[in-house]
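Every number in this text was worked out from the coordinates using simple rules, so none of it is lab data. These numbers were taken from a predicted model, which means no experiment stands behind them. Cβ coordinates were reconstructed from backbone atoms using ideal geometry, including for glycine residues, and neighbour counts include every protein chain displayed.
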Amino acid sequence: MWRAGSWMAWLGSILQAPPRALGRSFSCAQDALRRTPLYDLHLAHGGKMVEFAGWNLPVQYRDSHISSHLHTRRHCSLFDVSHMLQTKILGCDRVRLMESLVVGDIAELRPNQGTLSLFTNEAGGIVDDLIVTNTSEGHLYVVSNAGCRDKDLALMQAKVRELQNVGSDVDLEVVDNALLALQGPTAAQVLQAGVSDNLGKLPFMSSAVMEVFGVPDCRVTRCGYTGEDGVEISVPAAEAVRLAKALLDNPEVKLAGLAARDSLRLEAGLCLYGNDIDEHTTPVEGSLSWTLGKRRRAAMDFPGAEVIVPQLKGKVQRRRVGLICEGPPMRAHSPILSTEGTVIGTVTSGCPSPSLKKNVAMGYVSSQYSRPGTSVLVEVRRKQQVAVVSKMPFLPTSYYTLK
Ligand SMILES: *[C@@H]1O[C@H](CO)[C@@H](O)[C@H](O)[C@H]1NC(C)=O
């Protein structure tokens, strides 16, 4: 039986602390949480605020998490992702700086094209996942995870100083903009009413600066984390509420919170950093080998290449896989066993899939069990149940590409 209930338990696993509604009596710790420019708007729309990566963010609004999730799949939703770290890498040596930290081919990015990439360490572990865009304004625009803000900034700033010390032309600036994600099949149609650029010419992972509903200097990037078509809009903080309200004026658009964001990204097979990938996972183990640029593999010139490149020939002990089961939902930390009862891995995220009406999860298993269709056992609440290794994404994605 698929159960929509008890998602608070699952949500606890994605939040750093158990979710707690923030009442009137703020403790000192809660006072210290950072607020996005949309904080008051969230409260006005009934946002239930929780702590996430040091920020005060809505986990859901008045609608249930399930209806918010399904609204995103059928119409479109507005997510406040202003907590994410936005940076600009400037100077003639910006590509060299970025390539010294990530696994991707940044030099091949066309003007205004972006890519998902990974910061790695010398041991081959993933320090964070990020989007890098080669803007036509002459800088690299980088978006990385809020939970990794301090270490990402330290990593990039140290490399900036190192390169500056040998005379390179490179610099870093934190972008204090808000970031709004508009996601769903009608997102482009909603946005088109407020821009003069033709969004039909803005394919998945491309980016442009434009005026949006009268707000100048917005960077619109065709990307997101739901598997749907959509955009992320980097907007000057002072104009964020005006832009959010203009988008919400369209009845297609509803606000959606962290709970819907998590089940949407899981259905789309996308990793949550800290759960599904971390510094102890390599890109190959994490089934993210596609992020390793061809030229970069040959040159072996990214951090951890000596560990990662040999793994591409199939020599890893464990891999990230998708899992589908019925019965009680699989959760992070649920043990995975072979049908003979040997422990072969662990679930890293799981939830009831509102779209499939089955339970979906991702986790790591010994490589010999990673083929789609393999039956395994997952232990949930001390009971073992059958799960099947599945291809990801669990649902077809609908990213917008040019014909
Ligand atoms: C990035 O975009 C610029 C235009 O700003 C272009 O000249 C350049 O060739 C592109 N690629 C790289 C790696 O800079």
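When DSSP beta bridges are restricted to pairs lying wholly in the chain, around 95% turn out antiparallel.
Here the calculated FRET efficiency for V388 and A238, from their Cβ-Cβ distance with R0 = 56 Å, stands at 0.65, rounded to the nearest 0.05. With the highest mean first, a sort of the peptides 389-401, 83-95 on other beta-carbon atoms found within 10 angstrom per residue produces 83-95, 389-401. Here's the list of lysines a cross-link from K88 could span, going by alpha-carbon distance under 21 Å and ignoring same-chain residues fewer than 8 apart: K151, K159.
Per-residue Cβ neighbour counts within 10 Å put W55, W290 in the sequence W290, W55, beginning with the fewest. The residue among L255, S289, P236 whose Cα reaches farthest toward the positive pole of the charge dipole of the range 220-321, with charges on the beta-carbon of Lys, Arg, Asp and Glu, is S289. Annotation: for a label point projected 7 angstrom from Cα along Cα→Cβ of V174, residues of the range 80-105 with backbone N closer than 14 Å are 83-88.
How high is the relative contact order of the chain, in percent, with contacts defined as C-alpha pairs under 8 Å that are six or more residues apart?
Dividing the mean separation by the residue count of the chain yields 18 percent.
Extension gain, Q317-R161: 0.36 nm per intervening residue step, less the Cα-Cα distance, totals 52.4 nm.
Decide, for the range 241-384, between rounded, prolate and oblate: order the square roots of the alpha carbon gyration tensor eigenvalues as a ≥ b ≥ c, take rounded if a/c falls under 1.5, and otherwise choose prolate if a/b is larger than b/c, else oblate. Since a/c reaches 1.5 but b/c is at least a/b, the shape of the range 241-384 is classed as oblate. Between D197 and A32, the simple label model (points 7 Å from Cα in the Cβ direction) yields a spacing of 4.0 nm. Neighbour counting of Cβ atoms within 10 Å sorts the residues S353, S67, fewest neighbours leading, into S67, S353. Oblate is the label for the chain. Its Cα gyration tensor axes, ordered a ≥ b ≥ c, give a/c of at least 1.5 and b/c at or above a/b. All other residues whose Cβ lies under 12 angstrom from that of R265 are scored, Lys and Arg at +1 and Asp and Glu at -1, for a net of -4. Highest mean packing comes first when the peptides 180-188, 109-117, 58-66, 192-200 are listed by Cβ atoms within 10 Å, giving 180-188, 58-66, 109-117, 192-200. Taking the number of Cβ atoms within 10 Å of each Cβ as an exposure proxy, the fewest-first ranking of C351, C223 is C223, C351. Across the chain, the longest piece that holds none of the GluC sites (Glu not before Pro) lying in DSSP loops with up to 10 other C-beta atoms within 10 Å covers 123-339.
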